[in-house]
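These notes are about the structure you will find just below.
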Amino acid sequence: MRAAIATGEYHLGGETFINRHIEHLFGGNTVVVCGRFRGDNPYGKPYFVRRDGLSGRDIMVAPWWLLRNRMTHGTSRLPFGEARHALVKFLREEHVDVILAEFGTQALALAPLANELSIPIFSYFRGTDASKAIRTERMRAAYRKMMPRLAGVFSVSRFLLDNMAKHGISHPNSTVIPSGVDTRRFAPQAKVPLSFLAVGRFVEKKAPMTTLRAFAKATRDLPEARLDFIGDGPLLEPTRALARDLGIAAKLRFHGAQPHHTVRDRLMSTQFFLQHSVTARDGNTEGLPTAIQEAMACGCITVSTRHAGIPEAIDEGETGFLVEEHDEPGFAQAIASAIAVPDPAAMSARARHVAEERFDNHVLLKVLERHIQDALLLDPNPGDIPRTRTSA
């Protein structure tokens, strides 16, 4: 089976879950349909760029098509004109059997065309696309129109499916499959005592300053404690300034954005992983953070929040500790509780065991393939619109 992986930008090194599908789904028999190409094709895949500039003719007819698509499908994202012809040609010449749209917003752009070409299309919801993206009724209506066109829906967490269902957005063939982690590459090593790590962009959703203040309070009497931050973003410099103001700069190391292998190497020897995820003011949430799954695979004791899909990963008191969003005193106490665990090696081993059972991406990839194949066997022509092969 040959699959087209639809994504917003290609290639983004940090999108490990998408890159894994591009490289390995159905034995690597894949092509890429992306919104923008970033100049790097590390897997040597055939690729098509949807938003590679409009021809002069398409610019002339764009207002009509944008209005028509908005009225018909609830979104103006759909390809049209010469760009649409080129995409149809690509999908046919590459003999694409199925489309996996990574993020619901990519499925919006491609579902009608996939239906017309009788190519089954699935969507994978991962976070923003099922939280921030559906704050407007316009987007919710577009998703509702899209759902019957899909052969199935995948989500990294039950939370995201439930969040969409609250707005009347659902699909009868919906499956939770976490993004997963390579448990062979992410594995525990000897832990550095009182080592802490936080990974992620310095943005509101990650609440880095809450993490910093809670760490400072919990380790006030532990001068040997060290916290490493990996990531960059608009809140990086304010967080650095806060560390200086609190007088704990010597206990912190800010590494900026780092390659994935650097994150892995740090996780393997880190004892505690911190992630105070919160719902941003614009509604943006996590799905089920890959970093937490990677931390558990490396045997880190995780301290996080009851946010989005995180409680689906952490067994409280068994593999880590959770508090409510924005509960800074509670987060400090949870860090202190993690430090005081009587047998940290045993908790570390339980975290590793859970990761192997729930988040092994080799297993999850096979689960994804099986669900796609089963859906197509049950309904080889999914979608609610009669379709014929179009001449485009």
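Would you mind stating whether S123 is outside any helix (DSSP H, G or I) and surrounded by fewer than 24 Cβ atoms within 10 Å (Cβ to Cβ)? Break it down stepwise before answering.
On the way: outside any helix (DSSP H, G or I): yes; surrounded by fewer than 24 Cβ atoms within 10 Å (Cβ to Cβ): no.
The answer is no for S123.
For the structure I just gave you, tell me whether V181 is within 23 Å of Q373 (Cα to Cα) and either open to solvent by less than 20 Å² (accessible area, probe 1.4 Å) or touching a Pro at 6+ places or on another chain (Cβ under 9 Å) (or both). Considered against the rule, which asks whether it is within 23 Å of Q373 (Cα to Cα) and either open to solvent by less than 20 Å² (accessible area, probe 1.4 Å) or touching a Pro at 6+ places or on another chain (Cβ under 9 Å) (or both), V181 comes out as yes. Based on what the data block shows, is A86 open to solvent by less than 30 Å² (accessible area, probe 1.4 Å) and outside any loop (DSSP other than H, G, I, E, B)? No; evaluated as a whole, the condition is false for this residue.
When A216, A241, A225 are screened for being open to solvent by less than 40 Å² (accessible area, probe 1.4 Å), more than 18 Å from Q275 (Cα to Cα) and either of a type in the set (A, V, I, L, M) or in contact with a Gly (Cβ under 6 Å, 6 or more places away or on another chain) (or both), only A241 passes. In the set A355, A351, A340, only one residue is modelled with pLDDT of 95 or more, of a type in the set (A, V, I, L, M) and out of contact with any strand residue (DSSP E or B) (no Cβ under 8 Å at 6 or more places or on another chain); that residue is A340. Taking every residue in segment 269-297 that is among the hydroxyl-bearing types (S, T, Y) and pairing it with any residue that is buried (at least 24 other Cβ atoms within 10 Å of the Cβ) and assigned to a strand (DSSP E or B), at least 6 positions away or on another chain, the pairs with Cβ-Cβ distances below 6 Å are T270/L197; S277/T305. Considering segment 146-172, and only residues there that are surrounded by fewer than 17 Cβ atoms within 10 Å (Cβ to Cβ) and not hydroxyl-bearing (S, T, Y), the residue that is farthest from A308 (Cα to Cα) turns out to be P148. Checked against the criterion of being touching a strand residue (DSSP E or B) at 6+ places or on another chain (Cβ under 7 Å) and free of Cβ contacts under 8 Å to residues at least 24 places away in the same chain, segment 19-39 has at least one qualifying residue. Taking every residue in segment 85-106 that is among the aromatic types (F, W, Y) and pairing it with any residue that is open to solvent by 20 Å² or more (accessible area, probe 1.4 Å) and in a helix (DSSP H, G or I), at least 6 positions away or on another chain, yields no pair with a Cβ-Cβ distance below 7 Å.
Remark: pairs (first residue in segment 55-69, in a helix (DSSP H, G or I); second residue surrounded by 14 or more Cβ atoms within 10 Å (Cβ to Cβ) and hydroxyl-bearing (S, T, Y); Cβ separation under 6 Å; 6+ apart in sequence or on different chains) = L66/S76; N69/S76. Restricting P172, P188, P234 to residues that are farther than 21 Å from A338 by Cα and touching a residue at least 24 places away in the same chain (Cβ under 8 Å) narrows the list to P234. For segment 352-362, filtered to residues that are open to solvent by 30 Å² or more (accessible area, probe 1.4 Å) and either touching a residue at least 24 places away in the same chain (Cβ under 8 Å) or of a type in the set (G, A, S) (or both), the residue that is nearest to D182 (Cα to Cα) is H362. Scanning segment 43-54 for residues being in a loop (DSSP other than H, G, I, E, B), open to solvent by 70 Å² or more (accessible area, probe 1.4 Å) and either touching a strand residue (DSSP E or B) at 6+ places or on another chain (Cβ under 8 Å) or at pLDDT 95 or above (or both) gives a total of 2.
So for segment 9-21 (the condition being open to solvent by 20 Å² or more (accessible area, probe 1.4 Å), in a strand (DSSP E or B) and under 25 Å from V176 (Cα atoms)), does at least one residue qualify? For segment 9-21, residues open to solvent by 20 Å² or more (accessible area, probe 1.4 Å), in a strand (DSSP E or B) and under 25 Å from V176 (Cα atoms): present.
The values are calculated or read from the model by the stated rules, or taken from the named source; none is laboratory data. Note that this is a predicted model, so its numbers are computed, not measured. Virtual Cβ from ideal backbone geometry, glycine too; neighbours counted across all protein chains shown. Protein only, heavy atoms only, side chains kept; ligands, DNA and RNA dropped before computing areas. Shrake-Rupley method; radii C 1.70, N 1.55, O 1.52, S 1.80 Å.
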